[in-house]
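Values in this text are rule-based calculations from the coordinates and carry no lab data. No experiment lies behind these values; they were computed from the predicted model shown. So basically every Cβ, Gly included, is an ideal-geometry build from the backbone, and we count neighbours across all protein chains shown.
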Amino acid sequence: MPASPSDKPVYRFAPSPNGLLHLGHALSALINHDMARANGGRFLLRIEDIDLARCTPEFEQAIYRDLAWLGLEWEQPVRRQCEHFDAYHAALNRLTGMELVYPAFLTRGEVKAKVAAFEADGKTWPRDPDGSPLYPDDDRHRSEAERRRLIADGLRHAFRLDMKKVLGLIQMPLNWIETGDGERGEIPADPSVWGDVVLSRSDAPSSYHLSVTLDDAAQGITHVVRGLDLFEATAVHRLLQQLLGLPQPVYHHHRLVVGADGRKLSKSEGSTGLAALRDQGLGLRDIRRLLGL
């Protein structure tokens with residue numbers, strides 16, 4: 001069921017400080033802020049900095065400058081994921097205790113080689129909605145003794161959700177309420193298309209899927225407003241909400257801002273960066289006009 005209504009609806013903008021914000025980020029931030037205002041709600045800012053290797057304090061400060069330039073105001077304190085690693089570990093340990101998580105040792109190179117060998121005969125390896133090959137079954141079928149031995153030997157590993165086992169435990173079907181720019185209404189959620197998703201990596205204490213689901217619940221987010229590129233990922237988030245007994249927000253996936261090549265904007269495209277546009281003398285009205293707001 002959707003989250004219980006509170007006195008005010010709660011919205012959030014959750015960028016990662018691994019680069020400068022661009023027009024696509026501006027669209028998402030402004031839509032969240034506008035919807036919060038229109039519905040008498042709260043607007044929160046979350047810094048998604050679980051990737052300690054790529055996220056920097058400099059990029060975080062740039063986020064604050066860019067959002068202030070857009071005229072946005074958010075509640076304090078700002079939630080920073082790097083301050084909540086214990087919560088992610090606790091959720092992972094809970095799922096591990098339910099025997100729904102396993103250590104995954106295959107490297108990207110090993111997965112790529114396995115997929116290439118399989119497809120050399122003209123067959124097609126299954127892929128997730130983003131086009132990435134599903135993770136092979138090898139690690140799921142390892143014995144506990146072998147897993148312990150590999151971990152004791154110091155082999156780097158991630159932790160993945162055993163999707164087949166999970167789907168045998170929870171009540172199906174899953175769904176979510178969607179109010180965005182694509183499909184609307186009650187949307188069926190099929191997490192199986194993602195295979196055994198990563199919940200924790202060797203270089204980060206949590207994955208996007210796990211941290212965003214826990215953070216939205218911790219902050220009492222009632223309306224998740226984000227780009228259409230994350231529409232399909234909602235199925236994984238609904239699954240985790242079901243497993244961990246977390247409330248279900250309403251989802252609103254909005255249109256994307258695309259570049260001249262028709263692809264969604266990247267932080268590497270400086271021409272659409274908010275700092276560059278600000279340096280060119282553009283103001284908030286110009287940005288809203290460029291975004292069709």
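Between the stretch 155-186 and the stretch 45-105, what is the C-alpha centre distance in whole Å? Spelled out, the Cα-based centre of one part sits 21 Å from the other. If R0 is taken as 35 Å, the Cβ-Cβ distance between Glu73 and Lys164 corresponds to a FRET efficiency of 0.15.
Between the helical axis of 108-119 and the longest alpha-carbon principal axis of the chain there is an angle of about 70 degrees. Largest GNM mean-square fluctuation among Gly154, Gly40, Gly97, using the chain with Cα springs under 10 Å: Gly154.
With respect to the chain, whose longest principal axis is taken over its alpha-carbon atoms, helix 57-69 is tilted by about 40°.
Which order, highest average first, do 230-236, 110-116, 166-172, 210-216 follow once you tally other Cβ atoms within 10 Å for each residue and take the mean per peptide?
On the way: 230-236: 19.4, 110-116: 14.1, 166-172: 12.4, 210-216: 24.0.
Descending packing order for the listed peptides: 210-216, 230-236, 110-116, 166-172.
Note the angle between two axes, namely the Cα long axis of helix 208-218 and the longest principal axis of the Cα atoms of the chain, as a number of degrees from 0 to 90, rounded to the nearest 10. Roughly 60 degrees between the two axes.
Between the stretch 11-26 and the stretch 202-224, what's the alpha-carbon centroid distance in Å? Result: 16 Å between the Cα centres.
Using the average count of surrounding beta-carbon atoms within 10 Å as a protection proxy, the listed peptides 185-193, 281-289, 26-34 rank, highest first, as 26-34, 185-193, 281-289.
On alpha carbon coordinates alone, what is the Rg over Rh value for the stretch 17-74, Rh being the Kirkwood radius? The Rg/Rh ratio comes out at 1.00. Comparing mean-square fluctuations of Glu183, Glu48, Glu144 from a GNM of the chain with C-alpha springs under 10 Å, the top value falls on Glu144.
Evaluate the relative contact order of the stretch 115-212 (contact order divided by residue number), counting alpha-carbon pairs under 8 angstrom at least 6 apart; express in whole percent. Don't skip to the answer; put the middle values down first.
Working: 88 pairs, mean separation 26.6, N = 98.
Relative contact order of the stretch 115-212: 27 percent.
Straight Cα distances below 28 angstrom link Lys123 to the lysines Lys112, Lys114, Lys164, Lys165, with same-chain residues fewer than 8 positions distant left out. Just checking the listed ones, Leu244, Leu44, Leu150: in the Gaussian network model of the chain with Cα springs under 10 Å, the one fluctuating most is Leu150. The coefficient of translational diffusion for the stretch 83-160, derived via Stokes-Einstein from the alpha carbon Kirkwood radius under 4 °C and 1.567 mPa s, stands at 89 µm²/s.
Over the chain, what is the mean sequence separation of C-alpha contacts under 8 Å (at least six apart), divided by residue count, expressed as relative contact order in percent? Walk me through the numbers on the way to the answer.
Values: 434 pairs, mean separation 73.1, N = 293.
The normalised contact order for the chain reaches 25 percent.
Per-residue ellipticity at 222 nm from helix content only, as computed over the chain with -39500 (n - 2.57) for each DSSP H run of at least four residues, stands at -10500 deg cm²/dmol. The structure shown yields Cα extents along the principal axes in Å, and of the options [x] 73, 45, 31; [y] 60, 41, 37; [z] 52, 41, 38 that calculated value carries the label [y]. In vacuum, with every alpha carbon of the stretch 163-293 counted as one equal point scatterer, what does the Debye formula give for log10 I(q)/I(0) at q = 0.10 Å⁻¹? Two decimals, please. Listed by q, the Debye log ratios stand at -0.44.
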